[in-house]
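The values are calculated or read from the model by the stated rules, or taken from the named source; none is laboratory data. Everything numeric in this text was worked out from a predicted model, so none of it was measured. Glycine gets a Cβ as well: all are built from the backbone with ideal geometry, and neighbour counts include every protein chain shown.
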Amino acid sequence: MFRGFKIQCGWVELENRLTKMLLSTSVLPWFPSRSNMSEVSCKKRDDYLEWPEYFMAVAFLSAQRSKDPNSQVGACIVNSENKIVGIGYNGMPNGCSDDLLPWRRTAENKLDTKYPYVCHAELNAIMNKNSTDVKGCTMYVALFPCNECAKLIIQAGIREVIFMSDKYHDSDEATAARLMFDMAGVAFRKFIPKCSKIVIDFDSINSRPSQMLQ
């Protein structure tokens, strides 16, 4: 008991010494005072990203990892707590060379195109999940899923698909996907962004005012 009291007193003494050292120097840590409180923002930002824009932006950012020279697509899976549980982009299967397998879209022989080999973003996002399952989750994806990805989405238990583009709407694959989604009760809707562009500026962190606490 008394030993613990001595240790506590030691910390108090050390704190007093540090205070004296700081007061004796010309450089002091910055803390907002009443005179400069007006310089410190006391309200939250109004231009922050809302959840839908954030998740779709994550999907678009992950697409930049794709090696496909023609189509870069990303997908982001989110649970009911707005936590990301899976991210994926289109690419070749693990262990299959991105340099040896073809990336072309058309050829006389289908085996010389990318289609027999490439894994779509939706598949990779589901396979990359960091939770036990993705049942009841929402998927944000750049392109409306094809029929093969629709099967995976349904089997995984994903309940909603939010897509950015439906440029293949009239294709057999997209038509089949919509039919299966309707039958399985998977909701799908087009994403309407509140802003058309999100810029990532790595230098912006250096232009902000220095603060001791964030």
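Quick look at the numbers
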quantity: Failed condition for residue 179, given (1) of a type outside the set (Val, Ile, Thr); (2) out of contact with any Asp or Glu (no Cβ under 8 Å at 6 or more places or on another chain); (3) within 23 Å of residue 65 (Cβ to Cβ); (4) not in a loop (DSSP other than H, G, I, E, B); calculated: (3)
quantity: Restricting the range 185-206 to residues that are outside any loop (DSSP other than H, G, I, E, B) and over 30 Å from residue 155 (Cα atoms), the residue that is farthest from the chain's Cα centre (by Cα); calculated: 206
quantity: Hits in the range 132-167 - residues which are touching a Gly at 6+ places or on another chain (Cβ under 8 Å), surrounded by fewer than 16 Cβ atoms within 10 Å (Cβ to Cβ) and either within 22 Å of residue 61 (Cα to Cα) or modelled with pLDDT of 95 or more (or both); calculated: 135, 136, 157
quantity: Among (1) in a loop (DSSP other than H, G, I, E, B); (2) within 18 Å of residue 119 (Cα to Cα) - the single one residue 169 does not satisfy; calculated: (2)
quantity: Residue satisfying all of: in the range 84-108; outside any strand (DSSP E or B) and of a type in the set (A, V, I, L, M, F, W, C); farthest from the chain's Cα centre (by Cα) among these; calculated: 107
quantity: Lone qualifier among 163, 144, 188 - being of a type outside the set (D, E, K, R) and over 20 Å from residue 118 (Cβ atoms); calculated: 188
quantity: Criterion (among the β-branched types (Val, Ile, Thr) and exposed (fewer than 13 other Cβ atoms within 10 Å of the Cβ)) met by exactly one of 205, 198; calculated: 205
quantity: Residue among 151, 197, 190 that alone is touching a helix residue (DSSP H, G or I) at 6+ places or on another chain (Cβ under 9 Å) and among the basic types (Lys, Arg); calculated: 151
quantity: Single condition residue 111 does not satisfy, out of (1) touching an Asp or Glu at 6+ places or on another chain (Cβ under 9 Å); (2) in a helix (DSSP H, G or I); calculated: (1)
quantity: Test: residue in the range 83-99 that is charged (D, E, K, R), touching a residue at least 24 places away in the same chain (Cβ under 8 Å) and in contact with a strand residue (DSSP E or B) (Cβ under 6 Å, 6 or more places away or on another chain); calculated: no
